[in-house]
Amino acid sequence: MNLEAVKLAAADNLWSALFPELMLAGLALLLLVLEIVLPKKHHVVIPDVASAGLLGTLIGLFINWNSSLIGAETFNGLIHHTHQGQMMRAFFMICALLVCQLGRLTLARQPMPKIEFYHIVLVVTAAMMLLAQSNHLLMLFVVLETLTIGLYILVSYHRTSTASLEAGLKYLLMGALSSGILLFGIVLLYGVAGNPALPAHSDNAMYYPELTRFLEGNRDNFVAGLGIVLVLVGVGFKIGAFPFQIWVPDVYQGAPTPVTAFLAVASKAAGFAVLMALCGKDGVFASYQALTTPVLTVMAAATIIFGNLAALTQHNVKRLIGLSGVSHAGFLLLGVVASATSVLATNAIYFYLFAYLIASFAVFGVMTHLAGPDDSDQDLDHYAGLAKESPFLAGVLAVGLGSLAGIPPLAGFMGKFLVFVAAYQSGARWLLAIAAAGVVVSIFYYFGWIKAAFFETWTPPADGAPTRPARTPVTWVTGCALGFLALASVFFGFYQGPFGQFLALK
Amino acid sequence: MIAPTLNAYLAVAVLLFAIGLIGVLIRRNTLVVFMCLELMLVASTLALVAFSRYNGTMDGNVFVFFILTVAAAEVAVGLAIIVALFRKRQTIQLDQLNTLKN
């Protein structure tokens with residue numbers, strides 16, 4: 001073994017560059033230690049430790065936002081540090097903070113061990129943060145699996161509930177299937193890009209820049225094309241794009257509500273981060289756009305149509321939000337299609353993701369307060385009379401749903417607007433028409449939900465048995481968080497910050 | 001003795017992958033589906049080793065270790081979920097697991 005070579009390789013391992021991920025991993029272990037060390041009556045502080053640690057790491061990330069490493073690669077090219085990566089890191093940590101907060105409400109209703117929930121959320125978050133910065137197919141596969149396996153556990157976390165276990169099993173089978181397909185795609189790409197008989201072959205074939213160079217040199221290689229399609233199918237499963245969305249309604253319904261939120265927002269965003277790294281204008285598959293663009297276009301159109309039509313008939317709000325999430329994945333795919341020709345579309349996608357995060361968590365926060373011990377049973381009828389009983393929750397719900405529907409002047413409207421402008425610039429006209437029709441349909445089911453909360457009155461059944469779960473009172477921390485999310489939805493509708501320059505550049 | 005070529009290995013790998021994929025799609029017993037999923041991973045492993053040998057790089061062989069680890073973790077979690085579900089429902093046939101319906 002060549003010791004010098006090993007030393008040289010190890011010198012590239014800049015552990016300080018990964019301080020947010022390492023902090024989260026350390027924090028996750030600390031929680032388990034605290035559970036053993038602390039007496040049982042002090043266990044209530046452990047979720048606080050998780051939230052405080054997350055908040056501290058987030059602040060640390062902001063302080064170190066413009067670190068000198070931006071643009072550099074560490075760990076022998078496994079990790080590429082970019083501004084987009086920093087943004088996604090912050091995105092996932094905000095998600096984790098909110099999931100932990102919602103988790104407290106849901107876990108309080110269950111006779112379940114509680115600490116492991118926060119532990120797994122932190123590990124999954126760290127994996128997502130690495131995923132957004134990965135620069136190597138091996139890294140991509142390993143962190144994708146780390147987060148998926150963590151999510152299997154989280155989905156089936158209520159293991160006394162059949163619904164949760166069933167959702168976990170379905171997610172497991174679908175997730176493992178997609179991982180298998182993705183892996184085979186990676187193997188084909190590795191095999192063909194390292195083939196010594198082909199021009200521009202590479203000894204480091206799984207490293208993105210080398211792979212990009214190979215694909216540029218071999219623009220019509222069948223095996224490479226097959227590998228690309230298999231990778232796209234694998235990622236398509238994760239983001240719930242048609243025709244790989246079959247798991248979405250069942251899994252979203254059965255999973256505990258905070259985990260549904262985690263799946264809907266963070267896991268989807270992780271999928272899109274990968275998709276943009278692969279299919280964007282400067283992405284790895286850029287030289288195969290003749291293949292990827294049609295595939296993504298058809299996928300986007302079908303996803304928007306299916307998601308919106310299927311959501312129309314739903315009565316369970318978790319299924320409804322799941323299927324509406326499918327249609328949001330379709331709108332985001334529209335942005336990815338546009339990003340193949342314009343770099344500016346990438347900005348639109350990031351803004352859309354943040355607007356979606358803010359609006360979704362507002363809605364999921366309200367859902368958590370209305371759910372009972374049976375977490376999968378959340379019906380539209382349960383929302384009747386919410387405006388009278390709790391005007392605050394009803395208001396947050398209205399803002400969140402309005403933003404998801406894309407009502408001006410909320411952030412969701414601006415997100416859709418930016419993506420649509422990007423799509424218009426890139427010339428995807430008929431896809432844009434489908435998306436616009438999808439928005440109109442989506443307003444219908446979002447307003448059905450708002451109507452239930454504002455204009456319907458709740459009449460208890462005559463025999464006195466309550467048929468809907470009791471509502472959880474709003475604590476001041478969650479109240480502040482929900483109020484903040486609602487205000488943010490309004491605020492970002494008027495002010496888009498650096499994202500707004502996108503419009504000026506037109 | 002004739003040494004098998006890269007294509008022979010790849011043919012076996014593709015065959016294994018196809019058997020696994022078809023099995024996942026048509027079989028209704030969760031455990032059999034789970035085995036088919038493992039078959040898909042094994043197919044990738046075989047193809048990786050063959051490619052690694054043919055290309056003369058070690059990346060593929062190293063990747064196999066990661067796949068083994070990931071597959072073990074997946075099986076551990078998966079079997080735990082299956083056992084918990086069997087205790088609840090006394091069945092693991094996929095078509096009988098239909099609690100989640102609109």
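Derivation of every value follows stated rules applied to the coordinates shown; laboratory data play no part. Note that this is a predicted model, so its numbers are computed, not measured. Because the Cβ atoms are built from the backbone with ideal geometry, glycine has one as well, and the counts that use them run over all protein chains shown.
Magnitude of the charge dipole for segment A:359-496, about its Cα centre and with charges confined to Cβ atoms of Lys, Arg (+1) and Asp, Glu (-1), is about 600 debye. Backbone amide hydrogens, once placed in the peptide plane, bring A:Asn13 within less than 5 Å of A:Phe75, excluding anything fewer than 5 places away on its chain. For the listed peptides B:29-37, A:273-281, a ranking on the average number of other beta carbons within 10 Å per residue, highest first, reads A:273-281, B:29-37. Note down the Stokes-Einstein diffusion coefficient of segment B:6-96 in µm²/s, whole number, using a Kirkwood radius over alpha carbon pairs, 20 °C, and 1.002 mPa s. It comes out at roughly 149 µm²/s.
Residues whose amide H lies under 5 Å from that of A:Glu456, counting only those 5 or more places away or on a different chain, are A:Gly385; hydrogens are built 1.01 Å from N in the peptide plane. Hydrophobic long helices, here whole DSSP H runs in chain A with Kyte-Doolittle means of at least 0.5 and Cα atoms spread over 30 Å or more along the helix axis, are found at A:83-108, A:162-193, A:289-312, A:317-339, A:344-370, A:429-455. Taken about its Cα centre, segment A:264-378 carries a charge dipole of about 200 debye when Lys and Arg each add +1 at the Cβ and Asp and Glu each add -1 at the Cβ. Considering only A:Met128, B:Ser44, B:Leu68, the residue lying farthest towards the positive end of the dipole of the protein assembly as shown is A:Met128, judged by Cα position with unit charges set on Cβ. Footprinting exposure proxy ranking of A:Val192, A:Val233, fewest other C-beta atoms within 10 angstrom first, gives A:Val233, A:Val192.
Summarised in one figure, the compactness ratio Rg/Rh of chain A, Cα atoms and Kirkwood Rh, is 0.97. Since only B:Leu6, B:Phe86, B:Tyr54 are under comparison, the one whose Cα sits farthest along the positive direction of the charge dipole of segment B:6-96, derived from C-beta charges on Lys, Arg, Asp and Glu, is B:Phe86.
Ordering A:Ser68, A:Ser156, A:Ser442, A:Ser390 from the fewest to the most neighbouring beta carbons within 10 Å gives A:Ser68, A:Ser390, A:Ser442, A:Ser156.
At an R0 of 22 angstrom, the distance between the Cβ atoms of A:Leu312 and A:Asp377 translates into a FRET efficiency of 0.60.
The ratio of the alpha-carbon radius of gyration of segment A:285-428 to the globular-protein estimate 2.2 N^0.38 Å is 1.17. Peptide packing: for B:58-64, B:83-89, the average count of neighbouring Cβ atoms within 10 Å per residue gives the ranking B:58-64, B:83-89, highest mean first.
The distance between label points at B:Lys88 and A:Lys40 comes to 2.5 nm (points 7 Å beyond Cα on the Cα→Cβ vector).
First measure r as the distance between the Cβ atoms of B:Leu68 and A:Thr457, then evaluate 1/(1 + (r/R0)^6) with R0 = 41 Å and state the FRET efficiency to the nearest 0.05. Once the sixth-power term is evaluated, E becomes 0.10. Think of segment A:332-479 as having a plus end and a minus end, set by charges on the Cβ of Lys, Arg, Asp and Glu; of A:Leu404, A:Ser339, A:Pro469, A:Ser339 sits farthest toward the positive end of this dipole. Relative contact order, whole percent, for chain A stands at 12, derived from Cα pairs under 8 Å and 6 or more residues apart. Couplings for segment A:68-81, taken from phi via the Karplus curve 6.51 cos²θ - 1.76 cosθ + 1.60 with θ = phi - 60°, read 5, 7, 4, x, 8, 10, 10, 6, 6, x, 5, 10, 10, 8 Hz in order; Gly and Pro are left as x. Taking amide H positions as modeled 1.01 Å from N, with prolines and chain starts lacking one, the residues under 5 Å from A:Asp379 and 5 or more places away or on another chain are A:Val317.
For segment B:90-95, backbone phi angles converted through the Karplus equation (6.51, -1.76, 1.60; θ = phi - 60°) give residue-by-residue couplings of 6, 8, 10, 6, 4, 6 Hz, Gly and Pro being listed as x. Cross-link partners of A:Lys451 among lysines, defined as those whose alpha carbon lies under 18 angstrom from its own and excluding same-chain residues fewer than eight positions apart: A:Lys318, A:Lys388. Remark: the protein assembly as shown carries a charge dipole of roughly 820 debye about the Cα centre, counting +1 on each Lys and Arg Cβ and -1 on each Asp and Glu Cβ.
Computed from backbone phi, the HN-Hα couplings of segment A:252-262 come to 5, 6, x, 5, x, 3, x, 5, 4, 4, 4 Hz, rounded to whole numbers (Karplus: 6.51 cos²θ - 1.76 cosθ + 1.60, θ = phi - 60°; Gly and Pro given as x). Centre-to-centre separation between the Cα atoms of segment B:17-76 and those of segment A:218-287: 20 Å.
Remark: the A:Glu389-A:Leu55 segment gains 117.0 nm on full extension, using 0.36 nm per residue and subtracting the alpha carbon distance. For the protein assembly as shown, adding -39500 (n - 2.57) for each run of n ≥ 4 DSSP H residues and dividing by the number of residues yields -24000 deg cm²/dmol at 222 nm. For the pair segment A:1-31 and segment A:426-490, the centres of their Cα atoms are 44 angstrom apart. Across segment B:6-96, C-alpha contacts under 8 Å between residues 6 or more apart give a mean separation that, scaled by the residue count, equals a relative contact order of 29 percent.
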